[in-house]
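K.L.:
Questions regarding the structure given below will be posed in turn.
The values are calculated or read from the model by the stated rules, or taken from the named source; none is laboratory data. These figures come from a predicted structure and were not determined experimentally. All Cβ positions, glycine included, derive from the backbone under ideal geometry; neighbour counts span all protein chains shown. In case anyone asks, the SASA skips ligands and DNA or RNA and just uses the protein heavy atoms, side chains included. Shrake-Rupley method; radii C 1.70, N 1.55, O 1.52, S 1.80 Å.
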Amino acid sequence: MAHTAAQSYDTLIPQNISNDRNIRRILVIDDDPADRTLYRVFLNTDSENSYHFEETDSGEEAVRLCNQEKYDCVLLDYYLSDQNGLQILDKLIKVYGRSVPIIMLTGQGSETIAMESLRAGAMDYLPKRQASASSLTRTVNNQIEKTQLRNSVNYHLEELEIRNKELTRKHEEIQRFYQTVSHELKTPLTSMKEFVSIILEDLAGPISDEQREYLELVYRGCIQMTNNVNDLLDVTRIETGKYSLEVSPTNLPVVVNHVVKQMQVTAKKKSINLSLSVAENIPVIPLDEGRIEQVISNLIGNAIKFTNQGGAVSVKLELDSTIEDRVSIFVIDNGKGIEGDLLDNVFERLFQVNPETNLDSTETSKAGLGLGLTISRELVSLHGGQLSVQSELGKGSTFCVSLPVYWQGAKST
Amino acid sequence: MKKILIIEDDKNIAKALTVRFNKLGYDVAATYDAVMATTKAHSFEPDLILMDIALPGGDGFILVDRLRQIDNTADVPVVFITASKKQGLREQARKIGAAGFFEKPFNAGELMGLVGQLI
């Protein structure tokens, strides 16, 4: 048993212990030679470990030896002739800390001494009268194993600390990279959009219908790219936790109304009936108005995208009927719905469904980066809320944004 | 004719803005860094300043401070345009008394509208 136990520590323990893991180096500090012999005899009955003994009758000598060598265990007699056991214990602790177990051997009726020893840093104590082959072996084994475990834990903690620092550094590097990339992408995009705009507004002379048509395509492409870059930046900032909300008391009905009105244009293009119903008793809620608008816009946009011509999308704002102090915004469509398997994945990054085939379109060409729902979910989360979905293939989907009435979100700066 | 000074290190954006403002009948001048900007502002005496925040030679906020200390530019309304989406910039701009704050890419219509209102 000791073999397998020692084996499992093998990769974990740094090499400061004897090469042959079964030979234990014990320092015996006792001025009675008969006692010293006894300890040797007792420990040698241990069939699973071999021991090498070094002995001394002097506390000072012991301290000297410990400064030169790291033993696996130290047996210390309390009643030494040259010094008090506790004093020697102190000195040994100064050398070893807790990296080597020191076992105090005490006399009879010595509960107080035993307690003092433990308090001073001894790992264990054993009254000499109770010392036997089994008790001594057991005590030494326990303490050596305990110390080995502690050493390996500390070693690993240090390793983890180093690894952690490295990861944090890399993480920050990556974030800085994303920031630079999006800035470098946005700069030319801005001027591209501006100049095309200027031409389309006839500020650079007349243009033909054909030129106008093509330039409008270019303009739309610029808008798309800008959205993609902004999404990219959003998602990386959310992930590093560098995203902070600008929270203020918000009139949610007004906000939802505003978004729905904006989305009517898109809905009408597919003859989709976009309706809104707002309950009467919605309180003012602390929210980042812009971000919540972003979320609702995203959900309604998706609903419209995945609903056929002539379908219906309804938006409902009401107090949660089951949970106190929560408000729910539902975006319900009677469109294609989402397949059960894919339902779990809709909020993942880059996950998109091709509106034509209703299949996972990560392989095919995409209209965007597919980050909308990921960002929406994170934004709702930052508010202390939840974004969830229920759906049935062929029948439609219901997305629900649940928000707390009282601020429970991330700390905003 | 009302005068607009554009302080923007992206020459393309500066040009695009110049074209638009010219068409609307404004007299436009542009500089590309914070250092030249102070001199230009002093000599050109604009009625409005359109300024990027990230500029070579110093950032927009510091520049605004400096301009406020010069007699003939102290009361000129300043509108910021920036490519940075760093949080809190809008708030900082508001605190410093900026007349407007736009993120790039900006909506040209909105920007022109605000300028029309200010001067």
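K.L.:
Which pairs have Cβ atoms under 6 Å, sit 6 or more apart or on different chains, and link a residue in the range B:90-113 that is within 10 Å of chain A (Cβ to nearest Cβ) to one that is open to solvent by less than 70 Å² (accessible area, probe 1.4 Å) and among the aromatic types (Phe, Trp, Tyr)?
P.N.:
Filtered contacts from the range B:90-113: B:Arg90/B:Phe101.
K.L.:
While we're on this one: Considering A:Leu371, A:Leu350, which residue is at pLDDT below 85, closer than 26 Å to A:Leu245 by Cα and loosely packed, with under 13 Cβ neighbours inside 10 Å?
P.N.:
Testing whether each residue is at pLDDT below 85, closer than 26 Å to A:Leu245 by Cα and loosely packed, with under 13 Cβ neighbours inside 10 Å leaves just A:Leu350.
K.L.:
Return the residues of the range A:312-326 that are touching a strand residue (DSSP E or B) at 6+ places or on another chain (Cβ under 7 Å) and part of a loop (DSSP other than H, G, I, E, B); say none if nothing qualifies.
P.N.:
A:Asp320, A:Asp325, listed by residue number.
K.L.:
Another question, then. Could you list all residues from the range A:310-329 that are free of Cβ contacts under 8 Å to residues at least 24 places away in the same chain and of a type in the set (Asp, Glu)?
P.N.:
A:Glu324
K.L.:
Which numbered condition trips up A:Val218, out of (1) within 10 Å of chain B (Cβ to nearest Cβ); (2) open to solvent by 30 Å² or more (accessible area, probe 1.4 Å)?
P.N.:
The failed condition is (1).
K.L.:
Any idea which of B:Ile13, B:Ile53, B:Ile7, B:Ile49 is crowded, with 17+ Cβ neighbours inside 10 Å, within 10 Å of chain A (Cβ to nearest Cβ) and in contact (Cβ under 8 Å) with a residue 12 or more places away in the chain?
P.N.:
B:Ile13
K.L.:
Let me ask something else. For the range B:69-89, enumerate the residues that are more than 16 Å from B:Lys3 (Cα to Cα), in contact with a strand residue (DSSP E or B) (Cβ under 9 Å, 6 or more places away or on another chain) and more than 14 Å from chain A (Cβ to nearest Cβ).
P.N.:
B:Phe80
K.L.:
Considering only the range A:195-214, I want to know if a residue exists there that is surrounded by fewer than 12 Cβ atoms within 10 Å (Cβ to Cβ), more than 10 Å from chain B (Cβ to nearest Cβ), of a type outside the set (A, V, I, L, M, F, W, C) and in contact with a strand residue (DSSP E or B) (Cβ under 7 Å, 6 or more places away or on another chain).
P.N.:
Checking the range A:195-214: not a single residue is surrounded by fewer than 12 Cβ atoms within 10 Å (Cβ to Cβ), more than 10 Å from chain B (Cβ to nearest Cβ), of a type outside the set (A, V, I, L, M, F, W, C) and in contact with a strand residue (DSSP E or B) (Cβ under 7 Å, 6 or more places away or on another chain).
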